[in-house]
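To start, the structure itself, in structure tokens.
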Amino acid sequence: MAKITYVSSAGCERIVEVPTGTNVMDGALRNDIEGIIGDCAGGCTCSTCHVYVEESWVARLAPPIDIETSMLELAAAPLRPTSRLACQIVVRDDLDGLVVHIPSTQR
Amino acid sequence: MRIEGTRGSVVIVGAGHAGGTVAMELRAAGHGAPVTIVGDEPHVPYQRPPLSKAFLKGGLPEEKLELRPRAWYATHDVDLRLGEPVYAIDRAARRLRLCGGETLAYDHLVLATGVRPARLAVPGANLEGVHHLRGIADARRLATDLGGAGRLVVVGAGFTGLEVAASAATLGCAVTLVARGHKVLSRVASAPVATFLRARHEAAGVAFRFGADVAAFLGDGDRVAGVRLGDGEVLACDRVLVAVGAEANDDLARRAGLACADGGIVVDGSGRTSDPAIFAIGDVSVRPLPYLGGRLVRLESVHNALEQARIAAAVIAETPPPRLEPPWFWSDQYDLKLQTVGLVAEADDLVLRGDPEIGRFAVFHLAGDRLRAVEAINAPLDFAIGKQMVAKDAPISRDALADPSVNIRAVATAH
Ligand SMILES: Cc1cc2nc3c(=O)[nH]c(=O)nc-3n(C[C@H](O)[C@H](O)[C@H](O)COP(=O)(O)OP(=O)(O)OC[C@H]3O[C@@H](n4cnc5c(N)ncnc54)[C@H](O)[C@@H]3O)c2cc1C
Ligand code: FES
């Protein structure tokens with residue numbers, strides 16, 4: 001279990017507990033957090049689960065694999081060095097405190 | 001008093017991917033009128049793709065399939081009536097009749113009833129151990145039956161047949177795949193992709209019988225023990241998956257006199273059937289596809305279910321229509337991710353990039369100077385850039401595309 005903070009593009013914060021083994025996209029959908037869509041439900045084929053990871057957390061996450069980096073190309077909002085696909089960030093206990101920012105658009 | 005035209009109460013038939021999504025989109029769009037989903041399965045709306053993949057292999061809890069947790073529907077005032085098949089539509093009264101006899105009034109009706117697996121009309125088709133795969137209940141039965149390895153015959157080399165073959169082979173089953181055609185995915189994939197996938201399955205131990213028909217399922221008591229092919233060969237097995245395509249659940253619509261053709265319910269670009277109060281979306285519908293210049297097709301994919309759900313919700317809630325995309329799809333088999341955009345049949349010329357020998361390549365399909373489709377295997381960048389190029393529908397340089405020294409990003413900007 002990890003507490004994850006989702007910050008909306010308007011700056012609203014929601015902190016929710018997300019079970020280990022699920023991913024950051026699941027955490028958003030299961031807690032009714034808007035702005036993360038997840039059309040392919042983790043199939044890594046839609047890029048509608050784009051998030052910006054808080055700077056200080058970037059290095060603490062497992063780095064993206066090739067498919068994630070490639071699929072980020074299709075994200076609707078501008079890419080930043082902190083861009084990730086939320087469905088590819090698997091939740092572990094040591095991600096407790098993770099902060100992700102939701103872009104203003106996904107489609 | 002009935003609210004005429006738009007913005008009234010909505011009843012959705014079918015608690016699947018399209019039906020669940022239309023409810024979510026209506027609430028997201030601020031539609032405040034009552035929304036009811038009536039579904040015959042006992043589950044909250046869920047996604048099916050994992051049923052032949054991660055769920056079948058085990059380790060994926062059922063809630064991971066749910067589009068939203070059950071609590072979402074209460075919080076958003078969406079009435080869920082599960083385990084209740086809809087029996088008939090009374091269009092004149094704008095009422096639905098449930099199997100129990102109860103009726104439900106609607107201003108807008110959305111039919112999202114999906115498809116059911118086609119069955120083989122051969123002796124022994126009802127033996128125990130002969131499976132079909134569409135829903136959670138089917139997948140649970142199949143997963144239980146695949147435990148303890150054994151011999152599985154898969155009938156049909158479409159996506160469901162191939163994915164189940166891959167999952168079962170990974171679980172240690174001895175798999176034989178019987179197909180009427182002469183290659184896998186014969187109706188949807190190009191020759192390089194079909195050849196590659198076949199070889200990958202063979203490397204995993206899957207045996208193929210192409211150009212073969214099933215004559216009968218043979219029983220040992222009530223349980224299947226073999227499959228007899230048209231040429232007389234008998235494949236001994238302990239279980240069978242029949243995955244020979246699907247038939248639309250359009251009987252409600254047909255009985256209500258709605259226009260149906262090409263194996264589904266015909267709708268217009270806004271998802272409306274021949275009755276403007278009734279929409280049809282997802283696998284059950286036959287829609288004009290902008291990618292095909294408006295030609296009517298019935299597609300079975302998550303992309304299609306979501307897009308049509310969004311179109312219908314926008315019409316009902318009177319919000320701007322969604323941006324449409326060329327059809328896209330994915331499939332997971334072994335360590336392979338196949339991603340496709342567009343329809344391969346729409347092109348007449350192909351260019352291969354990458355190398356099937358190393359299991360990483362993409363087939364680009366052109367019609368004239370337009371890119372119409374891409375099939376990418378473990379080549380996500382080709383899929384991503386290719387998807388943008390197909391959507392843009394602008395002239396591209398075949399020479400640049402065919403030149404392996406030109407990066408795919410550069411191809412996208414070359415003319
Ligand atoms: C095993 C499997 C793997 C798949 N893999 C992929 C994939 O990798 N990628 C992809 O893009 N697509 C995939 N698909 C296709 C995708 O799941 C479908 O396109 C999608 O589910 C269509 O959504 P739908 O709402 O139209 O139909 P469904 O999700 O099937 O929902 C229809 C619902 O309506 C119910 N219903 C029918 N009649 C009635 C009635 N009279 N009264 C009440 N309820 C009724 C049905 O029981 C069902 O619950 C896969 C499908 C299967 C079966
Ligand atoms: S949910 Fe589709 S890429 Fe993450």
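Listed here are the residues, each with its yes/no results for (1) under 20 Å from residue B:196 (Cα atoms); (2) away from every other protein chain (no Cβ under 13 Å).
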site: B:363; (1), (2): yes, yes
site: B:372; (1), (2): no, yes
site: B:378; (1), (2): yes, no
site: B:382; (1), (2): yes, no
site: B:400; (1), (2): no, yes
site: B:406; (1), (2): no, yes
site: B:411; (1), (2): no, yes
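In the set (1) more than 20 Å from residue B:66 (Cβ to Cβ); (2) away from ligand 1 (no atom under 16 Å from the Cβ); (3) crowded, with 21+ Cβ neighbours inside 10 Å, residue A:86 fails one condition alone, (1). Scanning region B:52-109 for residues that are on the phi > 0 side of the Ramachandran plot and among the charged types (D, E, K, R) gives B:77, B:94.
Please find, within region A:1-41, the residue that is nearest to the other protein chains (Cβ to nearest Cβ) out of those that are part of a loop (DSSP other than H, G, I, E, B), under 11 Å from the mean Cα position of the chain (by Cα) and in contact (Cβ under 8 Å) with a residue 60 or more places away in the chain.
A:37
Of all residues in region B:367-395, those satisfying the criterion of being crowded, with 21+ Cβ neighbours inside 10 Å and not in a helix (DSSP H, G or I) are B:371, B:372, B:373, B:374, B:375, B:376, B:377, B:379.
Restricting attention to region B:46-96 and to residues that are more than 15 Å from ligand 1 (Cβ to nearest atom) and under 23 Å from residue B:333 (Cα atoms), the residue that is least open to solvent (accessible area, probe 1.4 Å) turns out to be B:58. For region B:340-359, a residue qualifies if it is within 12 Å of chain A (Cβ to nearest Cβ) and more than 22 Å from residue B:167 (Cβ to Cβ), and exactly one does: B:341. Of all the criteria given as (1) within 16 Å of ligand 1 (Cβ to nearest atom); (2) over 30 Å from residue B:18 (Cβ atoms), the one not satisfied by residue A:78 is (1). When you look at residue B:143, is it outside the structural domain of residue B:251 (by TED's automatic domain parsing) and not charged (D, E, K, R), yes or no? So residue B:143 fits the description; yes. Which of the residues spanning region A:42-86 are among the polar types (S, T, N, Q) and in a loop (DSSP other than H, G, I, E, B)? Across region A:42-86, the qualifying residues are A:45, A:47, A:48, A:82. Within region A:18-41, is even one residue touching a strand residue (DSSP E or B) at 6+ places or on another chain (Cβ under 8 Å) and within 16 Å of ligand 1 (Cβ to nearest atom)? Yes, the conditions are met somewhere in region A:18-41.
Within the set of pairs 6 or more residues apart or between chains, which connect a residue that is under 26 Å from residue B:100 (Cα atoms) inside region B:64-82 to a residue that is open to solvent by 60 Å² or more (accessible area, probe 1.4 Å) and among the small types (Gly, Ala, Ser) with Cβ atoms less than 9 Å apart? If the second residue must be open to solvent by 60 Å² or more (accessible area, probe 1.4 Å) and among the small types (Gly, Ala, Ser), the pairs left are B:77/B:32; B:80/B:74. Restricting attention to region A:42-60 and to residues that are among the hydrophobic types (A, V, I, L, M, F, W, C) and within 15 Å of ligand 2 (Cβ to nearest atom), the residue that is farthest from the other protein chains (Cβ to nearest Cβ) turns out to be A:53. Looking at the structure I just gave you, is residue B:251 at pLDDT 95 or above, of a type outside the set (A, V, I, L, M) and near ligand 1 (Cβ under 9 Å from one of its atoms)? So residue B:251 fits the description; yes. Considering only residues in region B:281-339 that are of a type in the set (D, E, K, R) and within 13 Å of chain A (Cβ to nearest Cβ), the one that is most open to solvent (accessible area, probe 1.4 Å) turns out to be B:323. All but one of (1) surrounded by 16 or more Cβ atoms within 10 Å (Cβ to Cβ); (2) over 26 Å from residue B:274 (Cα atoms); (3) in the same structural domain as residue B:15 (by TED's automatic domain parsing) hold for residue B:109; which doesn't? Status for residue B:109: all satisfied but (2). Selection of first residues in region A:91-106 that are outside any loop (DSSP other than H, G, I, E, B) and modelled with pLDDT of 95 or more and of second residues that are open to solvent by less than 80 Å² (accessible area, probe 1.4 Å) and of a type in the set (Phe, Trp, Tyr), restricted to Cβ pairs under 9 Å at least 6 apart or on distinct chains, gives the following pairs, ordered by first then second residue: A:95/A:57; A:99/A:6; A:99/A:57; A:100/A:6; A:100/A:52; A:100/A:57; A:101/A:6; A:101/A:52. Please verify whether region A:70-79 includes one or more residues that are facing another protein chain (nearest Cβ under 9 Å), of a type outside the set (Ser, Thr, Tyr) and open to solvent by less than 10 Å² (accessible area, probe 1.4 Å). Looking for residues that are facing another protein chain (nearest Cβ under 9 Å), of a type outside the set (Ser, Thr, Tyr) and open to solvent by less than 10 Å² (accessible area, probe 1.4 Å), one finds at least one in region A:70-79, hence yes.
The values are calculated or read from the model by the stated rules, or taken from the named source; none is laboratory data. This is a predicted model, so every value here is computed, not measured. Heads up, the Cβs are rebuilt from the backbone with ideal geometry, glycines too, and the neighbour counts pull from every protein chain shown. In case anyone asks, the SASA skips ligands and DNA or RNA and just uses the protein heavy atoms, side chains included. Shrake-Rupley method; radii C 1.70, N 1.55, O 1.52, S 1.80 Å.
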